[in-house]
Every structure is written in C-alpha cells, then in structure tokens.
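The values are calculated or read from the model by the stated rules, or taken from the named source; none is laboratory data. Note that the structure is a prediction, hence the values are computed from the model and not measured. Cβ placement follows ideal geometry from the backbone for every residue including glycine, while neighbour counts extend to all protein chains displayed.
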Amino acid sequence: MDTVNSAVEIIVSIMLLVGAFFTLVGAIGMVRFRDFFQRLHAPTKATTLGVGGILIASMIHGVAHGRYGIHELLITMFLFITAPVSANLLSKAALHLKVPSGAGHPDVARRTTTGGDSPRKKAKPVRSKGKPAA
Amino acid sequence: MSMVEHKTGRLWLAHPVLSLILAGSWLLLQRSVAPADLLAACVLALVVPRVTAGFIGNGAKLQSVGAVIRLLRIVLWDIVVSNLTVAKIVLNPLRSPTPAWVPVALDITHENGIALLASIITMTPGTVSCVVDQERRRIMVHALDCDDPAAMARDIKARYEQPLKEIFG
C-alpha cells in the first residue's frame with residue numbers, strides 16, 4: 001500500500017508535463033526550422049529542460065517511494081558530456097560539406113569580424129535540401 | 001607522494017578525481033557493492049585514466065569554489081530562460097528566427113576550460129558551438145535567433161568565460 005500523498009503526485013505530474021512540453025517543442029522545432037544548423041538547436045532543447053523535467057519527476061517519485069534518485073543524476077551527467085560532442089561533430093561535418101545555412105556560411109578559413117554579415121533572407125535555397133516529403 | 005616528479009601519463013592514479021568518478025559511476029550503474037563489481041570499479045578507475053592520459057593532459061586544479069557555484073547558478077538559470085525564449089520562437093507561427101554566426105574570441109587558455117565553455121554554449125538552447133578554432137583562439141557559435149552578434153559574444157564572455165577563467169586560473 002503506497003501512502004504517497006497527492007501533493008507529491010501533483011508535483012511529479014507537473015514536472016512530467018514540463019518535460020513533455022519541452023520535448024514536444026524540440027520536435028516541432030525540428031520540423032519548423034529551415035536549415036541544418038537551425039535544426040541542431042532542437043536536440044539541445046530536448047536534452048535540457050525536456051529530459052531534465054522528466055528526470056526531476058523521476059527523482060521525486062523515487063524519493064517518495066524510498067529509492068534514491070542517483071541514477072537520474074548519472075543520466076544527466078552522461079547527457080551533458082555526450083550531447084555537446086555530437087552537436088559539435090555534426091556541425092563540423094556540415095561546415096565541411098558546405099551545407100547551406102540561413103545565416104550565410106561562416107568563413108572558417110578566413111578571419112571574420114562579425115557573424116551574420118550576409119543579408120538575413122529567409123533561406124530559400126535550403127528548402128530543396130531538408131524538408132521531408134509531406 | 002612522488003607524483004610531481006613523474007610524468008603524469010605514467011602514473012596509475014594521475015587523475016584521482018576522474019578515478020573516483022569512474023568507480024562511483026560504475027557502482028551506481030550496477031547498483032551493488034558486490035566484490036565482483038568493486039573489482040571492476042577498481043580496474044576501471046586505474047586503467048581508464050592511464051590509457052587516456054595522452055588525450056586528457058594534465059588536468060586542472062580548481063582555483064575557486066565560489067566561481068564554480070556562481071557558474072552553476074548562471075548556467076542553470078540560462079538554460080531555463082533560453083528554453084522559454086526558444087519555445088516562444090518555435091511556437092510562434094508568424095515569426096521565423098534570424099540565425100547568425102557569432103565568433104567568440106577566447107581569453108581563457110586552459111584546454112579543459114575551452115572545452116567546458118564550448119559544452120556550456122551548446123547546452124544552453126539557442127546557441128550551438130560549431131567550431132572550436134584552437135589556432136585563432138575563438139569559438140564559432142551558431143545562434144538560432146540573434147540580431148546583434150557582437151552583443152551576444154560579449155554576453156557569453158561575461159557570463160560563462162569569466163567564471164571559467166577564475167576556475168581554471
């Protein structure tokens with residue numbers, strides 16, 4: 001018989017909803033964004049507050065049931081170690097392949113003073129690349 | 001202890017903190033302190049730092065605990081705030097983001113500090129560090145929605161790089 005009071009259940013539910021919301025936003029961003037580099041931003045959302053909310057919910061639930069939420073901390077640690085590395089490798093490969101970017105292409109071979117020196121257009125040429133057939 | 005006299009790469013316990021983290025993580029993953037798991041944890045703690053010594057260099061000495069706490073607070077706060085900012089951009093159908101490349105010139109010299117800075121930039125939504133340019137000492141950041149790259153670079157330097165400089169010395 002669990003005697004977990006309803007206040008804990010409510011907090012856990014709220015954290016789950018927060019996590020689910022930001023994961024959903026990340027997924028919508030993946031569809032809505034227009035080029036590869038913008039899409040790189042979607043997973044960073046999902047892995048921070050998205051997974052974070054779910055993990056906090058799991059920890060609270062675990063503590064309420066007499067279990068320590070240390071595994072969740074490990075998950076956080078592994079995510080924070082691995083996510084930036086994969087994002088960095090993906091973007092390096094994309095720069096190398098000269099994947100079109102809505103912000104123009106940074107000249108990594110030459111010194112640039114400010115980024116975004118190209119006109120901010122709506123990244124029209126990108127469309128042929130990414131969009132999955134509806 | 002004769003640690004200082006040796007080249008760090010040749011020592012079994014050149015990175016005691018790393019060894020502790022490895023052994024601790026292993027035991028937590030296994031959820032047991034059975035003799036076999038303890039043995040495996042010890043082997044990991046001894047072998048992994050030694051094998052990877054060539055990659056991870058000499059490690060760092062923590063210079064300021066206060067700066068660590070400050071950085072942690074700033075980063076956690078920024079993750080929440082920028083998650084909300086990016087969520088607003090994603091969910092507003094009328095507005096499409098204006099992405100920009102933001103070069104962030106580096107003052108920090110410690111390699112681990114640079115790696116940590118790049119990771120922090122990536123983990124805060126709205127910015128991804130794409131190229132860590134060691135030669136020119138800068139990080140090329142892709143910003144999802146940025147009107148003023150210079151201001152954003154200043155912001156990154158003030159909020160993340162300054163505490164990191166204090167931490168790594």
Exercise. If you take the residues of the stretch A:46-55 that are at pLDDT below 85 and at the interface with chain B (Cβ under 9 Å from one of its Cβ atoms), which of them is farthest from B:D78 (Cα to Cα)?
Worked result: A:T47
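Quick grid of which residues meet (1) away from chain A (no Cβ under 14 Å); (2) under 30 Å from A:F36 (Cα atoms); (3) without any contact (Cβ under 8 Å) to a residue 12 or more places away in the chain; (4) not in a helix (DSSP H, G or I):
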{"residue": "B:V47", "(1), (2), (3), (4)": "yes, no, yes, no"}
{"residue": "B:G54", "(1), (2), (3), (4)": "yes, no, no, no"}
{"residue": "B:K61", "(1), (2), (3), (4)": "yes, no, no, yes"}
{"residue": "B:D78", "(1), (2), (3), (4)": "no, yes, no, no"}
{"residue": "B:T85", "(1), (2), (3), (4)": "no, yes, no, no"}
{"residue": "B:K88", "(1), (2), (3), (4)": "no, yes, yes, no"}
{"residue": "B:P93", "(1), (2), (3), (4)": "no, yes, yes, yes"}
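One line per residue, one yes/no per condition, for (1) more than 15 Å from the chain's Cα centre (by Cα); (2) at pLDDT 90 or above:
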{"position": "B:V86", "(1), (2)": "yes, no"}
{"position": "B:V90", "(1), (2)": "yes, no"}
{"position": "B:L94", "(1), (2)": "yes, no"}
{"position": "B:I108", "(1), (2)": "no, no"}
{"position": "B:G126", "(1), (2)": "yes, no"}
{"position": "B:D133", "(1), (2)": "yes, no"}
{"position": "B:Y160", "(1), (2)": "no, yes"}
For this session: Out of B:P125, B:P103, report the one residue that is touching a helix residue (DSSP H, G or I) at 6+ places or on another chain (Cβ under 9 Å), facing another protein chain (nearest Cβ under 9 Å) and part of a loop (DSSP other than H, G, I, E, B).
Result: B:P125
Exercise. Do we find that B:I139 is assigned to a strand (DSSP E or B) and either buried (at least 16 other Cβ atoms within 10 Å of the Cβ) or more than 8 Å from every other protein chain (Cβ to nearest Cβ) (or both) in this structure?
Worked result: yes
Seminar exercise, completed: Considering residues that are within 13 Å of the chain's Cα centre (by Cα), touching a residue at least 24 places away in the same chain (Cβ under 8 Å) and more than 9 Å from chain B (Cβ to nearest Cβ), the number found within the stretch A:25-45 is 2
For this session: Six or more apart or on different chains, Cβ under 6 Å: which pairs go from a residue in the stretch A:46-59 that's without any contact (Cβ under 8 Å) to a residue 40 or more places away in the chain to one that's in a helix (DSSP H, G or I) and of a type in the set (D, E, K, R)? Could you list them?
Result: A:L55/A:E72; A:S58/A:E72; A:M59/A:E72
